[in-house]
Amino acid sequence: MAGIQIHTEHDLQSPTLVEGLPGVGLVGKIATDHLVETLEMEHYANVSCEGLPKLGVYAEGEREVQPPVRLYADEANDLLALQSDVPVSPQAAPAFADCVTGWFDAEDVTPIYVSGLGAENRATPPAMFGVSTGGAGDRLDELDLATPNERGAISGPTGALVAAAAERNLPGLGLVVETNPKFPDPEAARVLIEDGIGPLAGVEVDVEALVEQAEDVQAQREQLAKKLQEAEGDASSEAKPLRMYQ
């Protein structure tokens with residue numbers, strides 16, 4: 001049966017959920033994966049909504065195969081995380097959003113939707129603003145989170161989730177952070193957690209690992225840029241591999 005299938009029972013009371021679908025800069029996925037790992041969240045439910053790919057995902061050192069989209073729970077903090085190992089296609093996004101949003105409504109879940117705003121020359125640290133559905137904006141005001149400085153739209157499966165919540169007038173929170181459009185951006189994910197997700201969900205999360213990842217990614221970008229400059233300055237004809245992360 002399509003929908004949310006409980007894997008392990010947890011006692012949750014009107015939980016907050018962090019959405020981590022893959023998107024630009026992978027900011028939502030990086031942030032959510034970090035929450036699951038750092039808070040040692042437990043596998044709570046499987047998401048088998050219509051349109052999701054039928055895959056069996058296996059992990060290093062584990063025997064049990066899992067579906068690609070799952071929910072994890074931190075009972076102590078009344079927190080859920082939507083973790084996805086696959087993108088949701090545009091064709092499947094509306095049905096997926098209706099399926100998940102219906103469950104949010106039934107279980108009194110307040111979601112935090114996460115989206116990256118691609119910026120070639122993003123600020124340091126990345127800028128972030130918050131939006132809301134269903135009158136939940138007061139929580140953003142309490143944290144003094146910025147409002148958008150221009151008109152825009154959230155697209156893709158996250159946009160479909162936001163639209164479904166707005167159509168049903170359900171409370172939801174949206175965090176939009178500047179991110180590198182070409183590379184995974186752990187620094188933007190760090191800002192999401194420290195300045196948005198953590199305060200909104202009432203949890204403290206160690207983000208040192210994300211700081212280290214950001215430094216590694218920056219070093220890889222500089223290495224790539226150097227290789228590209230060398231290639232452009234070499235007039236001789238030569239074919240050779242250009243490995244981005246070697």
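State the number of residues belonging to the stretch 118-144 that are closer than 30 Å to Ala45 by Cβ and not β-branched (Val, Ile, Thr). Don't jump to the end; show me each part of the working.
Applying the first criterion (closer than 30 Å to Ala45 by Cβ) to the stretch 118-144 yields 128, 130-140, 142-143.
Okay, now just the ones that are also not β-branched (Val, Ile, Thr), so 128, 130, 132, 134-140, 142-143.
Within the stretch 118-144, residues that are closer than 30 Å to Ala45 by Cβ and not β-branched (Val, Ile, Thr) number 12.
Quickly run through the stretch 122-135 and pick out the residues that are out of contact with any helix residue (DSSP H, G or I) (no Cβ under 7 Å at 6 or more places or on another chain), under 23 Å from Lys29 (Cβ atoms) and either loosely packed, with under 14 Cβ neighbours inside 10 Å or without any contact (Cβ under 8 Å) to a residue 60 or more places away in the chain (or both).
Going through the stretch 122-135, the residues out of contact with any helix residue (DSSP H, G or I) (no Cβ under 7 Å at 6 or more places or on another chain) turn out to be 122-124, 127, 129, 131, 135.
Subset that is under 23 Å from Lys29 (Cβ atoms): 122-124, 127, 129, 131.
Residues satisfying the conditions are Ala123, Thr124, Ala127, Phe129, Val131.
Among the residues of the stretch 22-47, write down those that are touching a Pro at 6+ places or on another chain (Cβ under 6 Å) and more than 23 Å from Glu208 (Cα to Cα). Walk me through it before giving the result.
Within the stretch 22-47, the subset touching a Pro at 6+ places or on another chain (Cβ under 6 Å) is 22, 24, 26, 29-30, 46.
The answer is Asn46, and nothing else.
Just to be sure, is Leu170 modelled with pLDDT of 90 or more, of a type in the set (A, V, I, L, M, F, W, C) and part of a helix (DSSP H, G or I)?
Details: modelled with pLDDT of 90 or more: yes; of a type in the set (A, V, I, L, M, F, W, C): yes; part of a helix (DSSP H, G or I): no.
When the stated conditions are applied, Leu170 does not pass them.
Any residue in the stretch 122-131 that is touching a strand residue (DSSP E or B) at 6+ places or on another chain (Cβ under 9 Å), modelled with pLDDT of 95 or more and basic (Lys, Arg)?
Within the stretch 122-131, not a single residue is touching a strand residue (DSSP E or B) at 6+ places or on another chain (Cβ under 9 Å), modelled with pLDDT of 95 or more and basic (Lys, Arg).
Condition (residue is in a helix (DSSP H, G or I), among the hydroxyl-bearing types (Ser, Thr, Tyr) and within 30 Å of Leu117 (Cβ to Cβ)) applied to the stretch 4-26: is it met by at least one residue? Outline the logic, then answer.
Quick first cut of the stretch 4-26, residues in a helix (DSSP H, G or I) only: 24-26.
If we keep only those that are among the hydroxyl-bearing types (Ser, Thr, Tyr) as well, we get none.
Scanning the stretch 4-26 turns up no residue that is in a helix (DSSP H, G or I), among the hydroxyl-bearing types (Ser, Thr, Tyr) and within 30 Å of Leu117 (Cβ to Cβ).
Take the residues in the stretch 38-94 that are of a type in the set (D, E, K, R) and part of a strand (DSSP E or B); name whichever of them is nearest to the chain's Cα centre (by Cα). Spell out how you get there, then give the answer.
Taking the stretch 38-94 first, the residues of a type in the set (D, E, K, R) are 40, 42, 50, 54, 60, 62-64, 70, 74-75, 78, 85.
From the residues that got through so far, the ones that are part of a strand (DSSP E or B) too are 42, 70, 74.
Working: Glu42: 18, Arg70: 13, Asp74: 17 Å.
The residue in question is Arg70.
Could you please let me know if Arg139 is within 17 Å of Leu17 (Cα to Cα), in contact (Cβ under 8 Å) with a residue 24 or more places away in the chain and of a type in the set (D, E, K, R)?
Working: within 17 Å of Leu17 (Cα to Cα): yes; in contact (Cβ under 8 Å) with a residue 24 or more places away in the chain: yes; of a type in the set (D, E, K, R): yes.
Here the answer is yes, as Arg139 does meet what is asked.
The values are calculated or read from the model by the stated rules, or taken from the named source; none is laboratory data. All of these numbers come straight from a predicted model, not from anything done at the bench. Here Cβ is always computed from backbone atoms with ideal geometry, including for glycine, and neighbour counts include all displayed protein chains.
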